[in-house]
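Chemist: First, the structure itself, so that you have it in front of you.
The values are calculated or read from the model by the stated rules, or taken from the named source; none is laboratory data. Keep in mind the model is a prediction, meaning the values are calculated, not measured. Cβ atoms come from the backbone with ideal geometry, glycine included; neighbour counts cover every protein chain shown.
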Amino acid sequence: MPIFFNEKSMEFHLQGKDVSYIFHVLPNLQLGHLYYGKKVRHRESFSHLFQTQARATASCVFEGDLAFSLDQTKQEYPSYGTSDYREPAFQILQENGSRITNFTYRDHKIFSGKPRFDGLPATYVERDEEATTILITLVDDVISAEIQLLYTVYEAFNVITRSAKFINFGSEDLKLTRALSASVDFFDSDYEMVQLSGSWARERHVKCRALQPGIQSVTSTRGTSSSQQNPFIALKRPNATEHIGEVFGFNFVYSGNFLAQVEVDHYDVARVSMGIHPFDFQWVLKVNESFQTPEVVMVYSDRGLNGMSQTYHELYRTRLVRGPWRDKVRPVLINNWEATYFDFNEEKILEIAKESSQLGVELFVLDDGWFGKRDDDTTSLGDWFVDERKLPNGIASLASNIKELGLSFGLWFEPEMVSKESELYKKHPDWLIHVENRSQSHGRNQYVLDFSRKEVVDYIYNRMSSLLDEADISYVKWDMNRYMTEIGSATLPAERQMEVAHRYILGVYDLYERLTSEFPHVLFESCASGGCRFDPGMLYYAPQTWTSDDTDAVERLKIQYGTTFAYPLSSLGAHVSAVPNHQVFRETSLKMRGDVAYFGVFGYELDVTKMTAEEKDMVKKQIAFYKEHRELFLTGTLYRLESPFEENVTSWMVVSTDRTEAIVGYYQVLARPNPGFRKITLQGLDPDMEYMVNGEVRTFFGDELMHIGMHLEPEFSGTDQTNREMIGDFTSKIIHLKAVQ
Ligand code: DGJ
């Protein structure tokens, strides 16, 4: 049982594979934190870890005791106003105006398994033996409310998940003005905070900063998790690298507004807080109602950032993603968006599909523009009826024609949106997220449907499910192309208006839940102007996400490198598109575009009918190569080797679970004049296995490749051209390693 309870000293020790997390009941009966880090043996008492000291200016809890102050106490789920001045995990506004609470330990339950949340995405177990959970109940007797803190420790992963549930069993309404999911007080602040920041077309760039006294945070107030900041942070020791050292990851299983914050206090304690952003949030908890916070997934690694990422990858691939597509390799797809944009008809689509099928593509995805009268982005969102001007025979007939060509068929939707120029808006102008008598800002000429209302979700569900029923659709691209503004709902009472952003996300999850359970054979890919909503909440419903609208191979190095900090390759949609690239106008080789896209869920997004015979031949080979190795790309262990944020060179590799096979991707952005020699130091191989490189006769042992490294062919030196593969800017190389039997 990896959760111990020391009855005498009232301590809890959560012990995972290589990790320990220890907390206890404080003298005031609230919960105090004692340790989070590398696994330690269990002992009868950890009480020596709890320290107090009388200090000048401290506010203290007990009369006559100058030492016990919450301000210098590490806590589990802290509150504000009773001697701790740091930002709390929660706050409750009461009818008398008070925000003071005192939630003290009442009892706990330790059990095998992990409970599921109703209506919220979360990691899960398939068998109870996979994890142990502790549910701790705290009670405030004055307001008769309960907080249930839930912690789950996985057996096989260095993962602890956390969440909190508020229950009002008193006689007055309560208002949650802050309800975070987790808070951890680290002993010291000698860490760097890693975050994934960006914007449209440059999502999830890795940023790192040393912690400083005060608050550092990343947030979203946009109604979705956003591309500006991802709901992920990691604390790493300054000497931790990709491969060594201690790292603590925090990832929020949620797709809306969030706060991920580290507050360094005056005693150098670093408090990590994560949850729904308290800004513009308030939840009315009526008598007998409860509020469940989403889950935070905490990962501990003493094997650097790669160690942390590998844990997230395996957990998410196997115990977050659900449904039959979890365990299946994904089809190589072609998407018509960059090939045609809105300008297509049935003939054109079938032409692309026919050509693609001959090249080995397995799935054709019809993107935006097939419904209403959508010839550009000003109209028709919400009118999910086929545009017979473009597709006179309807979706079902198109799908079956495409099937006859040997491809399966996928369809694009943007379920959460409406255009003002649409039948849906004419009928239901109040179905928008909006505030009466206020302007209605738009994004890409469109408006957000009020998914906090059940009838709105029901309507969209009916439209989507009838299309999925009538046509042979095996894939859905679920897009979402704007952030929220003027957040309000026509039907909720005034006191609940600050619940809208969260209720909206619950509506999105509800629609996903209904569609994925009714159509389990359909592979869902989430998308939000590319990667503006790439988070674990989405992955629970949609096993893959369109990583970015930016398909330029050079930009993708950074985007994909950063995204893999938390998310597995099997979740990263990665397509080869045309050049000059539509987002940055850069020209890279077809080879490099393919070599980058292999490290993800591979596909194409261009007009194959316009390619030369030579290009088509290359595409055929790329597809054949990906199909041969996709199991490895999608389920192998990823090692990031050289970072595009530090170097002109990027490299990464995937290694099979039995370590008998690996593929390395190596990329150089700009050519170097008269360069020195280069090698790549590999990772994750079996030191005693002998590997064949690219099918050549000469072999190397794993220890040589990991310690000496693999020497690369010389680059162009200005006089000779020995290495034809790496000449000029934007070059790449794929190296295949296979153990000799
Ligand atoms: C944004 C997506 O990211 C693109 O791939 C494409 O589907 C467009 N929307 C269509 O409007």
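Chemist: Among the residues of the range 597-646, which ones are more than 21 Å from the chain's Cα centre (by Cα) and within 16 Å of the ligand (Cβ to nearest atom)?
Modeler: Once the filter is applied, which keeps residues that are more than 21 Å from the chain's Cα centre (by Cα) and within 16 Å of the ligand (Cβ to nearest atom), the range 597-646 yields 604, 605, 606, 607.
Chemist: Could you list, ordered by first residue, the pairs with Cβ atoms under 7 Å in which the first is in the range 505-529 and of a type in the set (S, T, N, Q) and the second is within 16 Å of the ligand (Cβ to nearest atom) and in a helix (DSSP H, G or I), at least 6 apart or interchain?
Modeler: Here the result reads 526/538, each pair linking the range 505-529 to a residue that is within 16 Å of the ligand (Cβ to nearest atom) and in a helix (DSSP H, G or I).
Chemist: While we're looking at this one, here's another question. Given the residues 475, 483, which is the only one that is within 30 Å of residue 404 (Cβ to Cβ), within 16 Å of the ligand (Cβ to nearest atom) and surrounded by 19 or more Cβ atoms within 10 Å (Cβ to Cβ)? Let's see the steps before the verdict.
Modeler: Values: 483 fails: within 30 Å of residue 404 (Cβ to Cβ).
The conditions single out 475.
Chemist: Further, regarding this structure: More than 14 Å from residue 224 (Cβ to Cβ) and within 19 Å of the chain's Cα centre (by Cα) - does that describe any residue in the range 477-490?
Modeler: yes
Chemist: Moving on to the next point. Just to be sure before I move on: is residue 105 among the aromatic types (Phe, Trp, Tyr) and over 26 Å from the mean Cα position of the chain (by Cα) in the structure I sent?
Modeler: On the way: among the aromatic types (Phe, Trp, Tyr): yes; over 26 Å from the mean Cα position of the chain (by Cα): yes.
Yes, satisfied.
Chemist: If you check residue 442 against the conditions, is it out of contact with any helix residue (DSSP H, G or I) (no Cβ under 7 Å at 6 or more places or on another chain) and within 16 Å of the ligand (Cβ to nearest atom)?
Modeler: Numbers: out of contact with any helix residue (DSSP H, G or I) (no Cβ under 7 Å at 6 or more places or on another chain): yes; within 16 Å of the ligand (Cβ to nearest atom): yes.
Answer is yes for this residue.
Chemist: Could you list all residues from the range 260-297 that are in a strand (DSSP E or B) and among the acidic types (Asp, Glu)? Before the answer, list the steps.
Modeler: First pass over the range 260-297, keeping only residues in a strand (DSSP E or B): 260-264, 270-276, 283-285, 290-292, 296-297.
263 - this is the single residue of the range 260-297 that is in a strand (DSSP E or B) and among the acidic types (Asp, Glu).
Chemist: Pick from 650, 681: which is loosely packed, with under 15 Cβ neighbours inside 10 Å, among the hydroxyl-bearing types (Ser, Thr, Tyr) and in contact with a helix residue (DSSP H, G or I) (Cβ under 9 Å, 6 or more places away or on another chain)? Explain how you work it out, then say what you get.
Modeler: Details: 650 fails: loosely packed, with under 15 Cβ neighbours inside 10 Å.
The conditions single out 681.
Chemist: Take the residues in the range 245-270 that are among the polar types (S, T, N, Q) and either modelled with pLDDT under 95 or closer than 13 Å to residue 535 by Cβ (or both); name whichever of them is farthest from the chain's Cα centre (by Cα). Before the answer, list the steps.
Modeler: Our first condition is that a residue be among the polar types (S, T, N, Q); within the range 245-270, this holds for 251, 255, 257, 261.
From the residues that got through so far, the ones that are either modelled with pLDDT under 95 or closer than 13 Å to residue 535 by Cβ (or both) too are 251, 255, 257.
Values: 251: 8, 255: 9, 257: 14 Å.
In this case the residue turns out to be 257.
Chemist: So how many residues does the range 709-724 have that are surrounded by fewer than 17 Cβ atoms within 10 Å (Cβ to Cβ), out of contact with any strand residue (DSSP E or B) (no Cβ under 6 Å at 6 or more places or on another chain) and touching a residue at least 24 places away in the same chain (Cβ under 8 Å)? Can you show your working first?
Modeler: At the first step, the residues of the range 709-724 found to be surrounded by fewer than 17 Cβ atoms within 10 Å (Cβ to Cβ) are 709, 711, 713-714, 717-724.
Those still in the list that are out of contact with any strand residue (DSSP E or B) (no Cβ under 6 Å at 6 or more places or on another chain) too: 713-714, 717-724.
Retained after the next criterion (residues that are touching a residue at least 24 places away in the same chain (Cβ under 8 Å)): 714, 717-718.
Within the range 709-724, residues that are surrounded by fewer than 17 Cβ atoms within 10 Å (Cβ to Cβ), out of contact with any strand residue (DSSP E or B) (no Cβ under 6 Å at 6 or more places or on another chain) and touching a residue at least 24 places away in the same chain (Cβ under 8 Å) number 3.
Chemist: Another question, if that's okay. What number of residues in the range 70-129 are among the β-branched types (Val, Ile, Thr) and more than 30 Å from residue 268 (Cα to Cα)? Working first, answer last.
Modeler: Initial filter on the range 70-129 (among the β-branched types (Val, Ile, Thr)): 73, 82, 92, 100-101, 104, 110, 123, 125.
Among the residues that remain, those that are also more than 30 Å from residue 268 (Cα to Cα) are: 110, 123, 125.
Final tally of qualifying residues: 3.
Chemist: If the Cβ limit is 6 Å and pairs must be 6+ apart or interchain, which residue in the range 394-412 that is assigned by TED's automatic domain parsing to the domain that holds residue 335 and modelled with pLDDT of 95 or more pairs with which residue that is more than 16 Å from the ligand (Cβ to nearest atom) and among the polar types (S, T, N, Q)?
Modeler: Taking only residues 6 or more apart or on different chains, the pairs are 405/357; 406/357; 407/357; 408/474.
Chemist: Now a separate question. Determine whether residue 223 is touching a helix residue (DSSP H, G or I) at 6+ places or on another chain (Cβ under 8 Å) and closer than 26 Å to residue 290 by Cα. Give the steps one after another, and end with the answer.
Modeler: Numbers: touching a helix residue (DSSP H, G or I) at 6+ places or on another chain (Cβ under 8 Å): yes; closer than 26 Å to residue 290 by Cα: yes.
In short, yes.
Chemist: I've got another one for you. Kindly establish whether residue 729 is within 36 Å of the chain's Cα centre (by Cα), under 25 Å from residue 593 (Cβ atoms) and either assigned by TED's automatic domain parsing to the domain that holds residue 243 or not hydrophobic (A, V, I, L, M, F, W, C) (or both). Let's see the steps before the verdict.
Modeler: Values: within 36 Å of the chain's Cα centre (by Cα): yes; under 25 Å from residue 593 (Cβ atoms): yes; either assigned by TED's automatic domain parsing to the domain that holds residue 243 or not hydrophobic (A, V, I, L, M, F, W, C) (or both): yes.
Yes.
Listed here are the residues, each with its yes/no results for (1) closer than 24 Å to residue 524 by Cβ; (2) under 31 Å from the mean Cα position of the chain (by Cα).
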| position | (1), (2) |
| --- | --- |
| 365 | yes, yes |
| 370 | yes, yes |
| 380 | yes, yes |
| 401 | yes, no |
| 404 | no, no |
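Chemist: A follow-up question, please. How do the strands (runs of 3 or more DSSP E) wholly within the range 18-105 filter down when requiring 1 or more residues that are free of Cβ contacts under 8 Å to residues at least 60 places away in the same chain, surrounded by 14 or more Cβ atoms within 10 Å (Cβ to Cβ) and touching a strand residue (DSSP E or B) at 6+ places or on another chain (Cβ under 8 Å): which remain? Before you say what the answer is, go through the steps one by one.
Modeler: Details: elements: 19-25, 31-38, 90-93.
Correct list: 19-25, 31-38.
Residue by residue, here is whether (1) touching a Phe, Trp or Tyr at 6+ places or on another chain (Cβ under 9 Å); (2) aliphatic (A, V, I, L, M); (3) more than 13 Å from the ligand (Cβ to nearest atom) holds:
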| site | (1), (2), (3) |
| --- | --- |
| 513 | yes, no, yes |
| 557 | yes, yes, yes |
| 560 | yes, no, yes |
| 564 | yes, no, yes |
| 585 | no, no, yes |
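Chemist: With the condition kept exactly as written, say whether any residue in the range 287-305 is away from the ligand (no atom under 16 Å from the Cβ) and over 30 Å from residue 87 (Cβ atoms). Lay out the reasoning, then the answer.
Modeler: If we filter the range 287-305 for residues that are away from the ligand (no atom under 16 Å from the Cβ), which is where we start, we get 287-305.
Filter once more, so that each one left must be over 30 Å from residue 87 (Cβ atoms): 303.
Yes, that holds for at least one residue.
Chemist: If you take the residues of the range 537-555 that are away from the ligand (no atom under 16 Å from the Cβ) and aliphatic (A, V, I, L, M), which of them is farthest from residue 645 (Cα to Cα)? Before the answer, list the steps.
Modeler: Keep residues of the range 537-555 that are away from the ligand (no atom under 16 Å from the Cβ), which gives 537, 539-541, 543, 553-554.
Narrowing the set further to residues that are aliphatic (A, V, I, L, M) leaves 539, 553-554.
Details: 539: 26, 553: 15, 554: 12 Å.
So the residue we want is 539.
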